[in-house]
Amino acid sequence: MHQYLFFIGDFPIRAYGLILSLSIILATGTAYFLAKQDGRWHQHVPDIGIYCGLAGIVGARLWDVFFFDWEYYQHHLLEIPFVWQGGMAIQGGVLLGAIAGIIYTKVHKIDTWAFADIVAAPAIIMGQAIGRMANLMNGDAFGHPTGGNFGILYPSTTLAHQVYGNQPLWPAEIWEGQIDVVIFVLLLIFRTTNHAKGQVFILYAILYSTARFFLEFLRGDYGTLLFGLKSAQLTSLAVILVGLVLFVRQSYYGERIGMNSKK
């Protein structure tokens, strides 16, 4: 676990930024492969990957600042752009990235739901899985103490160590990354079924939010907000409920499509 991979002169090459950039590049590559395989819109993937990637970084940062760490950043406003310090909330990244994607598809007259099913959902969750590697290397998105002699011991330079010292912590970010890979595979399998348009993306939202809700009980990097739940859990519950309604609605009223439908 190294926050700094190497230095070019006095300029540090941080593992967090490098892996985060890699997650966007590989997610875009995954999206290109899936679109090329389907036969639609692959020529748009590099552009939309850049727009959604940049929007996702901004959204993830602002979501973390205002929902998780505002108590600190309200007194350190100039540090808000310092994304290399860590502090990126995936829910905000997906939200603003999705808005950028919707705008792009509308401008270019692309079927938004179909594009989200074919490209966005599987690629996003793969990017999230890789992004959790960045959290591990940076020592953020960490769990709370396990209370035993098992868990992760973070280096003294990390935020996790500053908060909990040498106590072993739950590997929350590792488990989330592993679950994300499982969700990626499940989405690919679901794409092969005779599903309704929009259901792949909706299923992504439901599965990830469910996993995130329970994993938050292990997180130790921020406190509860309401009813003993954390802000990410409240957001996850809202997404699950809305997602279930939309999933059922699409089952009855959505256009039925197969994996290689060109409708």
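Please go through (1) of a type in the set (F, W, Y); (2) farther than 30 Å from D111 by Cα; (3) in contact with an Asp or Glu (Cβ under 8 Å, 6 or more places away or on another chain) for F201 and return the number of the only condition it doesn't satisfy.
(2)
Is there a residue being aliphatic (A, V, I, L, M), farther than 20 Å from M133 by Cα and open to solvent by 60 Å² or more (accessible area, probe 1.4 Å) anywhere in segment 177-191? Before the answer, list the steps.
So the first thing to find is which residues in segment 177-191 are aliphatic (A, V, I, L, M), and the list is 179, 181-183, 185-189.
Among the residues that remain, those that are also farther than 20 Å from M133 by Cα are: 186-189.
Restricting the remaining residues to those that are open to solvent by 60 Å² or more (accessible area, probe 1.4 Å) gives 186, 189.
Yes, some residue in segment 177-191 is aliphatic (A, V, I, L, M), farther than 20 Å from M133 by Cα and open to solvent by 60 Å² or more (accessible area, probe 1.4 Å).
Within segment 199-229, can you find the residues that are buried (at least 21 other Cβ atoms within 10 Å of the Cβ) and over 21 Å from A129 (Cβ atoms)?
Once the filter is applied, which keeps residues that are buried (at least 21 other Cβ atoms within 10 Å of the Cβ) and over 21 Å from A129 (Cβ atoms), segment 199-229 yields only Q199.
Hey, G53 hits all of (1) more than 12 Å from the chain's Cα centre (by Cα); (2) over 28 Å from G223 (Cβ atoms) but one; which does it fall short on?
That leaves (1) as the condition not met.
Quick check on my filter: what residues within segment 241-251 are among the aliphatic types (A, V, I, L, M) and either surrounded by 18 or more Cβ atoms within 10 Å (Cβ to Cβ) or within 15 Å of G198 (Cβ to Cβ) (or both)?
Within segment 241-251, the subset among the aliphatic types (A, V, I, L, M) is 241-242, 244-246, 248.
Correct list: V242, L244, V245, L246, V248.
Restricting the search to segment 138-172, which residues are open to solvent by less than 10 Å² (accessible area, probe 1.4 Å) and over 27 Å from I24 (Cα atoms)?
L169
Condition first: at negative phi and within 14 Å of the chain's Cα centre (by Cα). Can you find one or more residues in segment 76-89 that meet it? Break it down stepwise before answering.
Residues of segment 76-89 that are at negative phi, as a first pass: 76-85, 88-89.
Within this subset, residues satisfying the condition of being within 14 Å of the chain's Cα centre (by Cα) are 88-89.
The answer is yes, given that some residue of segment 76-89 is at negative phi and within 14 Å of the chain's Cα centre (by Cα).
Quick check, is A121 at pLDDT below 90, among the small types (G, A, S) and in a helix (DSSP H, G or I)? Give the steps one after another, and end with the answer.
On the way: at pLDDT below 90: yes; among the small types (G, A, S): yes; in a helix (DSSP H, G or I): yes.
Spelling it out, A121 is indeed at pLDDT below 90, among the small types (G, A, S) and in a helix (DSSP H, G or I).
Quick one: which of F6, F67 is open to solvent by 80 Å² or more (accessible area, probe 1.4 Å) and in contact (Cβ under 8 Å) with a residue 24 or more places away in the chain?
Details: F6 fails: in contact (Cβ under 8 Å) with a residue 24 or more places away in the chain.
Checking each option against the conditions leaves just F67.
Within segment 77-103, which residues are assigned to a loop (DSSP other than H, G, I, E, B) and open to solvent by less than 70 Å² (accessible area, probe 1.4 Å)?
Filtering segment 77-103 down to residues assigned to a loop (DSSP other than H, G, I, E, B) leaves 80-82, 86-89.
Of everything in segment 77-103, those that are assigned to a loop (DSSP other than H, G, I, E, B) and open to solvent by less than 70 Å² (accessible area, probe 1.4 Å) turn out to be I80, F82, G86, G87, M88, A89.
Could you list, ordered by first residue, the pairs with Cβ atoms under 8 Å in which the first is in segment 114-137 and free of Cβ contacts under 8 Å to residues at least 40 places away in the same chain and open to solvent by 10 Å² or more (accessible area, probe 1.4 Å) and the second is of a type outside the set (A, V, I, L, M) and assigned to a helix (DSSP H, G or I), at least 6 apart or interchain?
Matching pairs, first to second residue: none at all.
Are any of the residues in segment 225-248 touching a residue at least 24 places away in the same chain (Cβ under 8 Å) and of a type in the set (D, E, K, R)?
So far as segment 225-248 goes, no, none of its residues is touching a residue at least 24 places away in the same chain (Cβ under 8 Å) and of a type in the set (D, E, K, R).
The values are calculated or read from the model by the stated rules, or taken from the named source; none is laboratory data. Worth saying up front: this structure is predicted, and the values here are computed from it rather than measured. Glycine gets a Cβ as well: all are built from the backbone with ideal geometry, and neighbour counts include every protein chain shown. Just so you know, the surface numbers come from the protein's heavy atoms only, side chains and all, with ligands and any DNA or RNA stripped out. Shrake-Rupley method; radii C 1.70, N 1.55, O 1.52, S 1.80 Å.
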